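Structure first, commentary second.
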Amino acid sequence: MEVESVLVTGANRGIGLEFVRQLVQLPQPPRFVFATYRDRNTVEALKKIRDASKETQVILIKMDIRQADQIETARKIIEDMVGDKRLNLLINNAGALRWKGFSEITEEDLLFHFSTNTVGPVMVLKAMLPLLQRAADPKSGGMNASRAAVLNISAGGGSIAQLTEQTPKEFLEIMSYRTSKAALNMAMRVVALTVKEKGVLVVNMCPGWVKTDMGTEKAHLEVTESISCMLETLIQLKESHHGAFLDRNGKTIPF
């Protein structure tokens, strides 16, 4: 994958941080990686990557994906930096998870997950779409990640079809998270069909159950393996994958 510029949301920890780390280590790394965070006290690891990077300029941007003014500020920073090259890849990674089942659920908990995991990514994409579209140049060929793409980090937990009576009961204790990811999958399918003629590839991908603060130590996958697989899959995606929901290896997940 050869891209000039990438935006990674929620880049200060876990999956987002590892995306930044592996992107700058690519054989032909991006010229720019824009890495967003919410809390200034959580960016030490990002700063180390930024300071060690020789070929990629890593730009740290404070952005809460639930705040429209911060999204707009980030868009202006990116546009000023990339110039005519525009934005090639948006990795919509920022998200949240709280463990609450139906018996403990509150309106606040549902709205928190929906605003963070569904509304936020949609609004980020809406703001960045003009920059992605300028990079797409649909006349030059089919869709691919090296031209212009959006990778939305979803979750298998958002698949209604895969939630059955055989699902371990503990995974019912993330009701709001599951609901918000199911909504994200639908929202981004609508977006994909809406912007198809603009040449911007839009896909949802499940990284697997990853050992991060969110995934906990019970998870099966190391974060390095998960992101390596997703990047390898991303390189292979094309127009036929537009609007798809995939696992990290490129296998279709039922909605």
Pairs where the first residue, in region 45-56, is more than 19 Å from G10 (Cα to Cα) and at pLDDT below 95 and the second is polar (S, T, N, Q) and outside any helix (DSSP H, G or I), C-beta under 8 Å, 6+ apart: none
Close pairs from region 226-246: first farther than 15 Å from T194 by Cα, partner basic (K, R) and assigned to a loop (DSSP other than H, G, I, E, B), Cβ under 7 Å, at least 6 apart: S226/R248; C229/R248; M230/R248; T233/R248
Selection count where residues are within 17 Å of the chain's Cα centre (by Cα) and open to solvent by 40 Å² or more (accessible area, probe 1.4 Å), scope region 68-108: 2
Tally, over region 94-125, of residues that are assigned to a loop (DSSP other than H, G, I, E, B) and among the aliphatic types (A, V, I, L, M): 4
Only listed residue being under 28 Å from A187 (Cα atoms), among the small types (G, A, S), in contact (Cβ under 8 Å) with a residue 12 or more places away in the chain and touching a strand residue (DSSP E or B) at 6+ places or on another chain (Cβ under 6 Å), chosen from A94, A11: A11
First in region 191-204 and touching a residue at least 60 places away in the same chain (Cβ under 8 Å), second anywhere and of a type in the set (K, R), Cβ under 8 Å, 6 or more apart: G199/R147
Residues within region 5-44 that are buried (at least 24 other Cβ atoms within 10 Å of the Cβ) and either part of a strand (DSSP E or B) or aromatic (F, W, Y) (or both), tallied: 9
Residue identified as crowded, with 17+ Cβ neighbours inside 10 Å, of a type outside the set (V, I, T) and over 14 Å from the mean Cα position of the chain (by Cα) among M128, M175, M188: M175
Test: residue in region 109-121 that is among the hydroxyl-bearing types (S, T, Y), over 22 Å from L184 (Cα atoms) and either surrounded by fewer than 21 Cβ atoms within 10 Å (Cβ to Cβ) or touching a residue at least 60 places away in the same chain (Cβ under 8 Å) (or both): no
Any hit, region 207-214, residues being closer than 17 Å to L90 by Cβ, at pLDDT 95 or above and surrounded by 14 or more Cβ atoms within 10 Å (Cβ to Cβ): yes
Among the residues listed as M81, M128, the single one being touching a Leu at 6+ places or on another chain (Cβ under 7 Å) and part of a helix (DSSP H, G or I): M128
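The values are calculated or read from the model by the stated rules, or taken from the named source; none is laboratory data. Values in this document were obtained by computation on a predicted structure and should not be read as measured data. As a convention, Cβ positions derive from the backbone with ideal geometry for all residues, glycine included, and neighbour counts pool all protein chains shown. Areas reflect the complete protein model, heavy atoms only, side chains present, ligands, DNA and RNA absent. Shrake-Rupley method; radii C 1.70, N 1.55, O 1.52, S 1.80 Å.
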